[in-house]
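Since the structure comes first, as structure tokens, the remarks are kept for the end.
The values are calculated or read from the model by the stated rules, or taken from the named source; none is laboratory data. Since the model is a prediction, treat every value here as computed from it, not as a measurement. All Cβ positions, glycine included, derive from the backbone under ideal geometry; neighbour counts span all protein chains shown.
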Amino acid sequence: MILHRDDDPTKRPMLVETGDFHEVTEIISKPAETKAPATWFVLMLASLSLLSLMVGLIGYLFWQGTGVWGVNVPVAWGWAIVNFVWWIGIGHAGTLISAILFLFRQRWRTAINRFSEAMTIFAVMCAGIFPVIHVGRIWVIYWVFPLPNQMQVWPNFRSPLLWDVFAVSTYFTVSLLFWYMGLIPDLATFRDRATTGVRKFILAIFALGWRGSARHWQNYERAYLILAAISTPLVLSVHSIVSFDFAVSKVPGWHTTIFPPYFVAGAVFSGFALVETLLLISRQVFGLHKVVRMHHLDNMNKFMLLTGSLVGYAYAMELFVAWYSGNIYERFAFWNRALGEYWWAYFIMVSCNVISPQLFWFKRIRQSIPIMFIITILINIGMWFERFVIVITLHADFLPSSWGYYRPTWVDIWTYVGTFGLFGTFFLLFLKFLPQLAIAEVKGVMPQANPHFGEDHHAAATTGASKGH
Amino acid sequence: MEKTATPTQPKIFGILAEFGSPNEVYKAAKKVRDQGYKKWDVHSPYPIHGIDSAMGIGDSKMGWIALFSAFAGAFGGFSLQYWVSVYAQPVVIGGKPINPYPAFIPVTFEPGVLFTAFGCIIGMLVLNGLPRLYHATFKSKNFARFSDDGFFISIEARDKRFNVSETRKLLEDAGGRNIEVLED
């Protein structure tokens, strides 16, 4: 039975374009059970090439030292930190979609949550590489952890850089647990459909013997709810702590209280953009139109409009405070960002982050796949430049004698490009071998899932999509 | 009681019945509950809203496990920082106090979250008796549909009220199909 309720504006839009549980299972299981399309192999080859490039360049960096990068005093952080903040920001949409939208009972999230959780994990992996390889003496990287040692030296817990170690590692671990927990029932679905012995064996191990028991579901749902509840402050804390790396230092242009909320908004903004970019591709390649509907994309675009406007407000407020504070160093830092040697980076940042999402005020643009695809890519470029603009503030520091023009080297550039290989490899493996959408959750939001469906046609049809789990 | 199986006879695990829709299984669950069964279960592809009350099972204990884990993590995180900064290595860095407790908030919060996450997933598995790769229900070929579009009720032979013919009749009357007696 297919209900077309989208035309009636008084009714909730349908979240799934089918009323049949089995069809949902079929649609979502298909990519994992059939041979991957040729595009998949082409993309995998490209990703693996970039991944090996990244590994090679990191090896070169370890061998030669950080001198192969363009970093130098005063710009000691350079691309490594830009890339770190950018990747970790992208990861934030995953947790936002899985946790915050879950708590607010935004049930349309089922179409995109698995996807964005996977994206989070792989993005955090890419992010984590940069601070680690940036330390220079990689062989003593374990010093960042509070481990007893013969020197009796401990990490400095007063430093935001150490908070970052805890924040990012916690974030990665919690995202992975959250993702895996969501996967358990769906892996059981795959297990029960498996035709070959090896496939069944592997899936059976990872599905942990899930048998859909109502007693299990009860604990499972409660655990999921608690995970969502703790992930919500976690996601806000992680990017706040990342922003402390800047805000706690006494550097003009960095030492501002607006940084934590501004970073979090920017992170969600860029994360939504990348989720949508990837979703649009996968929807096309794997034919997920029935479960990833225009309604979902439209909602995501509204989120980008909101967070993009917040980011734009933050830029304006930074400039205002720089002027209003009367502090000449603060004022110089911002004037120099916007009009100095790096004016072009500031220009790209503003046009991509502030202007392009404003197009989403128009419904026709929000619902046009090619335009939204372009805008999401522009947003990701813009957000990378935002971090570049912030980090590069250091190029004109307190001593004019040390001012200079920071340029990345080829190693900087290709290591960054290489992380797309890491991301792409894992993401393609995910698309091919794991359920791309949360099968159990998609079924749960169908009107037919309600135990009272069919008892009273009117009530069941209208409350089915809105009732709690 | 059917439990008195001779050594040559395989032990009975219980009875499994299939239902056509969430509505049917929901109504059947109420009937099984009202008959006073305790060791039984509903199996569904997704969590059915309100099935726990229809089955008469109490609230989940997950909240307590999570709360305990959160406090353990936060306490551990703060204690570590306090011990390092005040006892193990009391060094003044950047002119900050020896015990700058506001600066310890992030590393108190993060381990709290980390421990809660582990508490949730491990607690959920322990409460559910998972991982358990073997279960008698998996012997039923039909049961594989629970993860697709099938809704099942299984009543275990361990239950005091269990009786093969009576229990079977109860499930039949409640609208169960493909009723199977499963061996353990």
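When only residues in segment B:103-137 that are small (Gly, Ala, Ser) and more than 7 Å from chain A (Cβ to nearest Cβ) count, which is farthest from A:Leu203 (Cα to Cα)?
Once the filter is applied, the top-ranked residue is B:Gly112.
Applying the condition of being farther than 22 Å from B:Lys30 by Cβ and of a type in the set (Ser, Thr, Tyr) to segment B:126-164 and asking which residue is modelled with the highest pLDDT yields B:Tyr134.
A count restricted to segment A:149-170 and to residues that are at the interface with chain B (Cβ under 9 Å from one of its Cβ atoms) and farther than 19 Å from A:Val242 by Cβ stands at 3.
Here's a check for you: in segment B:69-105, which residue that is crowded, with 23+ Cβ neighbours inside 10 Å and under 23 Å from A:Thr173 (Cβ atoms) is farthest from the chain's Cα centre (by Cα)?
First, pick out the residues of segment B:69-105 that are crowded, with 23+ Cβ neighbours inside 10 Å: B:69, B:73, B:77, B:81, B:85.
If we keep only those that are under 23 Å from A:Thr173 (Cβ atoms) as well, we get B:69, B:73, B:77, B:81.
Values: B:Ser69: 18, B:Gly73: 23, B:Gly77: 29, B:Gln81: 36 Å.
Here the residue is B:Gln81.
Could you list, in sequence order, the residues of segment A:174-223 that are at positive phi and free of Cβ contacts under 8 Å to residues at least 12 places away in the same chain? Passing the criteria: only A:Gly209.
Just to be sure before I move on: is A:Ile226 more than 7 Å from every other protein chain (Cβ to nearest Cβ), closer than 22 Å to B:Gly129 by Cα, among the β-branched types (Val, Ile, Thr) and out of contact with any Pro (no Cβ under 7 Å at 6 or more places or on another chain) in the structure I sent? The answer is no for A:Ile226.
Given the options A:Ser368, A:Ser356, A:Ser325, A:Ser351, name the one that is buried (at least 18 other Cβ atoms within 10 Å of the Cβ) and among the hydroxyl-bearing types (Ser, Thr, Tyr). So that I can check it myself, show each step before the final result.
On the way: A:Ser368 fails: buried (at least 18 other Cβ atoms within 10 Å of the Cβ); A:Ser325 fails: buried (at least 18 other Cβ atoms within 10 Å of the Cβ); A:Ser351 fails: buried (at least 18 other Cβ atoms within 10 Å of the Cβ).
Matching residue, one of A:Ser368, A:Ser356, A:Ser325, A:Ser351: A:Ser356.
Scanning segment A:428-457 for residues that are more than 9 Å from chain B (Cβ to nearest Cβ), out of contact with any Leu (no Cβ under 7 Å at 6 or more places or on another chain) and farther than 21 Å from A:Arg193 by Cβ returns A:Pro447, A:Asp456, A:His457.
Counting residues in segment B:149-158 that are surrounded by 13 or more Cβ atoms within 10 Å (Cβ to Cβ) and within 7 Å of chain A (Cβ to nearest Cβ) gives one or more. Report yes if some residue within segment B:160-170 is over 27 Å from A:Phe201 (Cα atoms), assigned by TED's automatic domain parsing to the domain that holds B:Lys27, of a type in the set (Ser, Thr, Tyr) and surrounded by fewer than 21 Cβ atoms within 10 Å (Cβ to Cβ); otherwise report no. Yes.
Residues that are touching a His at 6+ places or on another chain (Cβ under 8 Å) and part of a helix (DSSP H, G or I) were ranked within segment A:29-83; the one that is surrounded by the most Cβ atoms within 10 Å (Cβ to Cβ) is A:Ala80.
Applying the condition of being out of contact with any Ser or Thr (no Cβ under 9 Å at 6 or more places or on another chain) and part of a helix (DSSP H, G or I) to segment A:418-438 and asking which residue is nearest to A:Leu50 (Cα to Cα) yields A:Thr419.
Just the residues that are of a type in the set (Gly, Ala, Ser) and either over 14 Å from B:Phe151 (Cβ atoms) or within 7 Å of chain A (Cβ to nearest Cβ) (or both), please, taken from segment B:45-63. Break it down into steps so the answer makes sense when it comes.
Keep residues of segment B:45-63 that are of a type in the set (Gly, Ala, Ser), which gives B:50, B:53-54, B:56, B:58, B:60, B:63.
The answer is B:Gly50, B:Ser53, B:Gly56, B:Gly58, B:Ser60, B:Gly63.
Which one is farthest from A:Leu161 (Cα to Cα) among residues in segment B:139-148 that are at the interface with chain A (Cβ under 7 Å from one of its Cβ atoms) and out of contact with any strand residue (DSSP E or B) (no Cβ under 8 Å at 6 or more places or on another chain)?
At the first step, the residues of segment B:139-148 found to be at the interface with chain A (Cβ under 7 Å from one of its Cβ atoms) are B:144, B:146-148.
If we keep only those that are out of contact with any strand residue (DSSP E or B) (no Cβ under 8 Å at 6 or more places or on another chain) as well, we get B:144, B:147-148.
Numbers: B:Ala144: 50, B:Ser147: 45, B:Asp148: 47 Å.
Applying the filter and picking the extreme gives B:Ala144.
Scan segment B:32-44 for residues that are assigned to a loop (DSSP other than H, G, I, E, B) and more than 7 Å from chain A (Cβ to nearest Cβ) and the total you get is 5. Residue check: A:Thr196 meets all listed conditions (1) within 22 Å of A:His22 (Cβ to Cβ); (2) touching a Ser or Thr at 6+ places or on another chain (Cβ under 9 Å); (3) surrounded by fewer than 21 Cβ atoms within 10 Å (Cβ to Cβ); (4) of a type in the set (Ser, Thr, Tyr) but one, namely (2).
The residue list A:Arg222, A:Arg191, A:Arg211, A:Arg215 contains one member that is in a loop (DSSP other than H, G, I, E, B) and of a type in the set (D, E, K, R), which is A:Arg211. Across segment A:330-354, the number of residues qualifying as within 12 Å of A:Tyr315 (Cα to Cα) and β-branched (Val, Ile, Thr) comes to 2.
Could you tell me which residue of segment B:64-102 is farthest from B:Asp34 (Cα to Cα), considering only residues that are hydrophobic (A, V, I, L, M, F, W, C) and within 8 Å of chain A (Cβ to nearest Cβ)? Walk me through how you get there before you give the answer.
First, pick out the residues of segment B:64-102 that are hydrophobic (A, V, I, L, M, F, W, C): B:64-68, B:70-72, B:74-75, B:78, B:80, B:83-84, B:86, B:88, B:91-93, B:98.
Remaining after also requiring within 8 Å of chain A (Cβ to nearest Cβ): B:66, B:70, B:80, B:84, B:88, B:93.
Details: B:Ala66: 32, B:Ala70: 38, B:Leu80: 53, B:Val84: 59, B:Ala88: 62, B:Ile93: 68 Å.
Of everything passing the filter in segment B:64-102, B:Ile93 is farthest from B:Asp34 (Cα to Cα).
Can we say A:Ile258 is of a type in the set (A, V, I, L, M), buried (at least 22 other Cβ atoms within 10 Å of the Cβ) and over 16 Å from the mean Cα position of the chain (by Cα)?
Values: of a type in the set (A, V, I, L, M): yes; buried (at least 22 other Cβ atoms within 10 Å of the Cβ): no; over 16 Å from the mean Cα position of the chain (by Cα): yes.
The answer is no for A:Ile258.
Taking the listed residues A:Phe122, A:Phe130, A:Phe102, the one that is within 14 Å of chain B (Cβ to nearest Cβ), in a helix (DSSP H, G or I) and among the aromatic types (Phe, Trp, Tyr) is A:Phe102, with no other qualifying.
The condition of being assigned to a helix (DSSP H, G or I), aromatic (Phe, Trp, Tyr) and surrounded by fewer than 24 Cβ atoms within 10 Å (Cβ to Cβ) holds for only one of A:Phe263, A:Phe269, A:Phe246, that being A:Phe246.
I'd like to check something: does segment B:58-73 contain any residue that is assigned to a loop (DSSP other than H, G, I, E, B) and closer than 30 Å to A:Asn149 by Cα? Lay out the reasoning, then the answer.
In the first step, residues of segment B:58-73 are kept if they are assigned to a loop (DSSP other than H, G, I, E, B); the result is B:58-61.
Still in the list and also closer than 30 Å to A:Asn149 by Cα: none.
Within segment B:58-73 (the criterion being assigned to a loop (DSSP other than H, G, I, E, B) and closer than 30 Å to A:Asn149 by Cα), the answer is no, since none of the residues qualifies.
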